[in-house]
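One structure is given below, encoded as structure tokens.
We did not get these values from a lab; they are worked out from the coordinates using the rules stated. Remember, predicted model here, so these are calculated numbers, not experimental data. So basically every Cβ, Gly included, is an ideal-geometry build from the backbone, and we count neighbours across all protein chains shown.
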Amino acid sequence: MNIRTTAAAITALLAVTLLGCSSSDSDSKADAAKSSTPTAVSSKDIADAEQDAGIPPKPDAATQAALIGVLKAIDPSLVTDQDKAIDNARNQCSTITGDGNANQTARVRFSTSQHEVTDAEATAINAALKASLCP
């Protein structure tokens with residue numbers, strides 16, 4: 001009889017303990033979910049971060065058209081996606097104005113599965129960006 005009473009008491013204690021753990025566990029999961037939810041970043045904050053990284057603002061339509069024309073003259077496959085070409089150009093400015101290897105980065109950044117950028121093309125890309133987009 002004593003064994004049954006002890007077993008029942010242990011079972012009841014375990015049930016209460018498990019209920020207590022599961023509620024605090026779900027509370028901590030909810031807290032974790034709240035803390036990992038991304039907060040909105042303003043476009044000004046993004047622009048400031050890009051400027052700090054040496055990335056110029058998106059160019060106006062005339063500058064974009066001129067840049068696309070120069071890149072097409074270097075190789076038409078550099079601008080199969082014009083938006084990506086402009087983004088690549090803006091990001092390349094951070095390497096040109098920074099301490100990175102601009103030619104190596106241009107080869108990697110502008111190469112695609114259809115076209116691998118050569119050293120001469122990388123040099124031409126960087127010269128065009130210095131003349132038109134990069135501060």
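Summary table below
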item: Extension reserve of the ASP45-GLN82 stretch, reckoned as 0.36 nm per residue once the Cα distance is removed; result: 10.8 nm
item: Simple spin-label estimate for ASP99 and ALA73 in nanometres, 7 Å along Cα-Cβ; result: 3.4
item: Stretch gain in nm, segment ALA62-ALA131, where the contour uses 0.36 nm per residue and the Cα spacing is subtracted; result: 23.4 nm
item: Size descriptor, Kirkwood hydrodynamic radius, that averages inverse alpha-carbon separations across the stretch 30-133, Å; result: 14.9
item: Dipole magnitude (debye, nearest 20) for the stretch 39-135, charges at Cβ of Lys, Arg, Asp, Glu; result: 140
